[in-house]
1. Please specify each residue of the range 123-147 satisfying the condition of being part of a loop (DSSP other than H, G, I, E, B), at pLDDT 95 or above and among the β-branched types (Val, Ile, Thr).
2. From the list ALA330, ALA314, ALA324, ALA270, pick out the single residue that is of a type in the set (A, V, I, L, M), touching a strand residue (DSSP E or B) at 6+ places or on another chain (Cβ under 7 Å) and open to solvent by 30 Å² or more (accessible area, probe 1.4 Å).
3. Can you run down the residue pairs with Cβ atoms below 8 Å, 6 or more apart or on separate chains, where the first is in the range 169-184 and more than 12 Å from ligand 2 (Cβ to nearest atom) and among the small types (Gly, Ala, Ser) and the partner is open to solvent by 10 Å² or more (accessible area, probe 1.4 Å) and modelled with pLDDT under 95?
4. Restricting to the range 105-121, count the residues that are open to solvent by 10 Å² or more (accessible area, probe 1.4 Å) and within 12 Å of ligand 2 (Cβ to nearest atom).
5. Within the range 215-239, track down each residue that is within 16 Å of ligand 2 (Cβ to nearest atom), assigned to a helix (DSSP H, G or I) and open to solvent by 40 Å² or more (accessible area, probe 1.4 Å).
6. Of the conditions (1) more than 30 Å from ALA309 (Cβ to Cβ); (2) away from ligand 1 (no atom under 16 Å from the Cβ), CYS259 clears all except one; give me its number.
7. Residues GLU91, GLU84, GLU69: which one is more than 16 Å from ligand 2 (Cβ to nearest atom), among the charged types (D, E, K, R) and open to solvent by less than 40 Å² (accessible area, probe 1.4 Å)?
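The values are calculated or read from the model by the stated rules, or taken from the named source; none is laboratory data. Just so we're clear, the structure is a prediction, and the values are computed from it rather than from any experiment. Every residue, glycine among them, receives a Cβ derived from its backbone with ideal geometry; neighbour counts consider all protein chains shown. Just so you know, the surface numbers come from the protein's heavy atoms only, side chains and all, with ligands and any DNA or RNA stripped out. Shrake-Rupley method; radii C 1.70, N 1.55, O 1.52, S 1.80 Å.
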Amino acid sequence: MTDRIVIARPDDWHVHLRDGAMLDAVAPYTARQFARAIVMPNLVPPVTTAAAASAYRDRIRKAAGPGFEPLMTVYLTDGIDPDELERGYAEGVWVAAKLYPAHATTNSAHGVTDIAKIKAGLARMQKIGMKLLIHGEVTDKAVDIFDREKTFIDRVMAPLRRDFPGLKIVFEHITTKEAAEFVLAQKADTAATITPHHLIIDRNSIFEGGVRPHLYCLPIAKRAIHRDALRKAATSGDARFFLGTDTAPHTVETKEAACGCAGIFNAPAALEAYVQVFDEEKALDKFEAFASLNGPAFYGLPVNKEKIALSRAANAIPDRVAAAGTGVVAFLGGKTIPWRFDGPV
Ligand code: NCD
Ligand code: ZN
């Protein structure tokens, strides 16, 4: 039995770090485990200009401390200016653009209402090699919440893939068997991130003994067959799947409410949660590819030189962390899990 693994320092290819006091509280958790992270732009107001992204990056560097590199993204809006996309990319301010269908999730009111309205921007991104990160859910209220990702593939993702064959696309935080199959049917220019929570919970977990607001996120967790398909994809070693936690902190008050926010804060024990899954799937030998190699290869970045270790050891995850004058409940908080992050070696 393997009791300790040493791997190249991982990166997190999808995080929400927020701003202000919340940023100060949560950024150190991500920086503790990851060398780099792709930072989502869904602030209020969203990050839509190179100037705003650059200023936000400065605030993140300050909150996270040395040794952590935020990789910025720009939030796509209807009619976005292709020149601004190219300017931010050429100046090294951002590496990718994020497509939120309008009203699909937290702070997405300014998102894209129709792909036709960003065609010029997408054509420019394809030309310059800038990546497109997609929240893949339709917003059509007539579509059942558990079917919104699957429907998005047919209505939006497949046509987009056909119309922009040279665009590098990340299908973010996939939650269905259909999404994993879609990615596998494409070439190397379509990849997907997978969160720790979608590898662990299924939709029953959200209602176990009562409603569990801290397990509510978007895209919502699906049936166990989907979770199991994600586990298979993540642990396969296939280069198109890589780590993206979608850590999305909200205060305890905004989660435990009549209309609670979507988002799971998993940064305090992200690597431990993932490695537990790889251990259960008898795929510890594939963990480094998923956590540390596949993401940099897709983004055309070097693998981190430093190494980190994880050990098999009882690890009690704190129930909540102090943040912004209140608290944020952590994923797996209050549980004891079988792996521990040992830090750099
Ligand atoms: C995210 C957030 O809170 O910003 N919420 C979530 O449930 N994942 C937004 C998102 O990524 O959908
Ligand atoms: Zn997200």
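1. From the range 123-147, those part of a loop (DSSP other than H, G, I, E, B) are 129-130, 135-144; that's our starting set.
Filter again for at pLDDT 95 or above, leaving 129-130, 135-138, 142-144.
Listed by number, the residues that qualify are VAL138, VAL143.
2. Details: ALA330 fails: open to solvent by 30 Å² or more (accessible area, probe 1.4 Å); ALA324 fails: touching a strand residue (DSSP E or B) at 6+ places or on another chain (Cβ under 7 Å); ALA270 fails: open to solvent by 30 Å² or more (accessible area, probe 1.4 Å).
The conditions single out ALA314.
3. Taking only residues 6 or more apart or on different chains, not a single pair turns up.
4. 3
5. Residues satisfying the conditions do not exist here.
6. Here CYS259 clears every test but (2).
7. Numbers: GLU91 fails: open to solvent by less than 40 Å² (accessible area, probe 1.4 Å); GLU69 fails: open to solvent by less than 40 Å² (accessible area, probe 1.4 Å).
That would be GLU84, the only listed residue that is more than 16 Å from ligand 2 (Cβ to nearest atom), among the charged types (D, E, K, R) and open to solvent by less than 40 Å² (accessible area, probe 1.4 Å).
This table checks each residue for (1) more than 13 Å from ligand 1 (Cβ to nearest atom); (2) open to solvent by less than 20 Å² (accessible area, probe 1.4 Å).
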site	(1), (2)
LEU17	no, yes
TYR29	yes, no
ALA35	yes, yes
VAL39	no, yes
VAL44	no, no
ALA51	yes, no
